[in-house]
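Worksheet: one structure, shown below.
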Amino acid sequence: MQSVGDYLGQVLKQLRSERGWSLDRAAQACGVSKAMLGQIERAESSPTLATLWKIAGGFKVPLSAFIAAPPNELEVRQAEQLRQRPTSDAMLVAPLFPFDPRYGFELLELTLPAGYERLSEPHDAGVTEHVTVIRGAMALLVNGRWQALEQGAAVRFAADAAHGYRNPGSEPAVIHNLICYPVPQSR
């Protein structure tokens, strides 16, 4: 089985090749150094989650494109088998349904360790997130305010503004994060 770092590097290299981009051009589009992109492509470095979001944004692809391929129809997926640490960040990610352009969304299971906090830069215009707390409790930063969410709580918000996730508790919090991308308008 291919490691997460190898898969991430392969996808990055493939996206650059498809676009005919040099490492310099990719670095400009992503706001990530040429050296770091090269290290990621060679699986010599594991990016932070913030860096991976920048790369995804620069290439205009969803985050899960770097973590796993879309599943086949009727493929049964087990979060326990998918759970991984795709970046140097402490959060675990299980790509339950990686992005598939036919559907316009990705569904991730996120495990936030005790004491974890992550601030996220705005996603592209029109992106929305739907967060459901499966186990534990967390706080969500939206519109500059932290909102406590207990197990079973669900919320939808515009993710094209700064937002954040925090687990102030002493146990891991597990959430489902459904990220919906706007459907491109045909001309």
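The values are calculated or read from the model by the stated rules, or taken from the named source; none is laboratory data. In this text, all values refer to a predicted model and were calculated from it rather than measured experimentally. Neighbour counts run over all protein chains shown; Cβ positions are idealised from the backbone, glycine included. For accessibility, only protein heavy atoms count, side chains too; no ligands or nucleic acids. Shrake-Rupley method; radii C 1.70, N 1.55, O 1.52, S 1.80 Å.
Check whether at least one residue in the range 22-34 is open to solvent by 30 Å² or more (accessible area, probe 1.4 Å), in the same structural domain as residue 164 (by the TED database) and in contact with a helix residue (DSSP H, G or I) (Cβ under 6 Å, 6 or more places away or on another chain), and report yes or no. Checked the range 22-34: no residue is open to solvent by 30 Å² or more (accessible area, probe 1.4 Å), in the same structural domain as residue 164 (by the TED database) and in contact with a helix residue (DSSP H, G or I) (Cβ under 6 Å, 6 or more places away or on another chain). Scanning the range 121-134 for residues that are assigned to a loop (DSSP other than H, G, I, E, B) and open to solvent by less than 30 Å² (accessible area, probe 1.4 Å) returns 123, 127.
Tally up the residues in the range 135-187 that are of a type in the set (A, V, I, L, M) and open to solvent by 70 Å² or more (accessible area, probe 1.4 Å), please. Working first, answer last.
Residues of the range 135-187 of a type in the set (A, V, I, L, M): 137-142, 148-149, 153-155, 158-159, 161-162, 173-175, 178-179, 183.
Next, from what is left, pick out any that are open to solvent by 70 Å² or more (accessible area, probe 1.4 Å): 148, 154, 183.
The total comes to 3.
For residue 41, the conditions (1) buried (at least 17 other Cβ atoms within 10 Å of the Cβ); (2) modelled with pLDDT of 90 or more; (3) within 25 Å of residue 127 (Cα to Cα) are fulfilled apart from (3). Pairs meeting the criteria (first residue in the range 4-28 and farther than 22 Å from residue 98 by Cβ, second residue assigned to a helix (DSSP H, G or I) and of a type outside the set (Lys, Arg), beta carbons under 6 Å, at least 6 apart or on different chains) are 23/37; 23/38; 27/37. Residue 161 meets each of the listed conditions (1) small (Gly, Ala, Ser); (2) in a strand (DSSP E or B); (3) closer than 17 Å to residue 50 by Cα apart from (2).
Highlighted here are the helices (runs of 4 or more DSSP H) found entirely within the range 1-81 that include at least 1 residues which are in contact with a Gly (Cβ under 8 Å, 6 or more places away or on another chain) and β-branched (Val, Ile, Thr): 34-41. Condition (residue is assigned to a helix (DSSP H, G or I) and under 10 Å from the mean Cα position of the chain (by Cα)) applied to the range 86-98: is it met by at least one residue? No, the range 86-98 contains no residue that is assigned to a helix (DSSP H, G or I) and under 10 Å from the mean Cα position of the chain (by Cα). Residues in the range 6-20: is at least one of a type in the set (Val, Ile, Thr) and exposed (fewer than 13 other Cβ atoms within 10 Å of the Cβ)? For the range 6-20, residues of a type in the set (Val, Ile, Thr) and exposed (fewer than 13 other Cβ atoms within 10 Å of the Cβ): absent. Evaluating residue 103 against the criteria (1) part of a strand (DSSP E or B); (2) within 22 Å of residue 65 (Cβ to Cβ); (3) of a type in the set (Phe, Trp, Tyr) leaves one unmet condition, (1).
Here's the yes/no breakdown for (1) outside the structural domain of residue 172 (by the TED database); (2) out of contact with any strand residue (DSSP E or B) (no Cβ under 6 Å at 6 or more places or on another chain); (3) more than 18 Å from residue 10 (Cα to Cα):
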position	(1), (2), (3)
41	yes, yes, no
49	yes, yes, no
60	yes, yes, no
72	yes, yes, yes
93	no, no, yes
96	no, no, yes
101	no, yes, yes
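Confirm whether residue 155 is more than 16 Å from residue 49 (Cβ to Cβ) and touching a Gly at 6+ places or on another chain (Cβ under 9 Å). No; evaluated as a whole, the condition is false for this residue.
To keep it simple, each residue is scored yes or no on (1) polar (S, T, N, Q); (2) closer than 30 Å to residue 45 by Cβ; (3) touching a Gly at 6+ places or on another chain (Cβ under 7 Å); (4) free of Cβ contacts under 8 Å to residues at least 24 places away in the same chain.
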residue	(1), (2), (3), (4)
94	no, yes, no, yes
101	no, yes, no, yes
109	no, yes, no, no
131	no, yes, no, no
144	no, no, no, yes
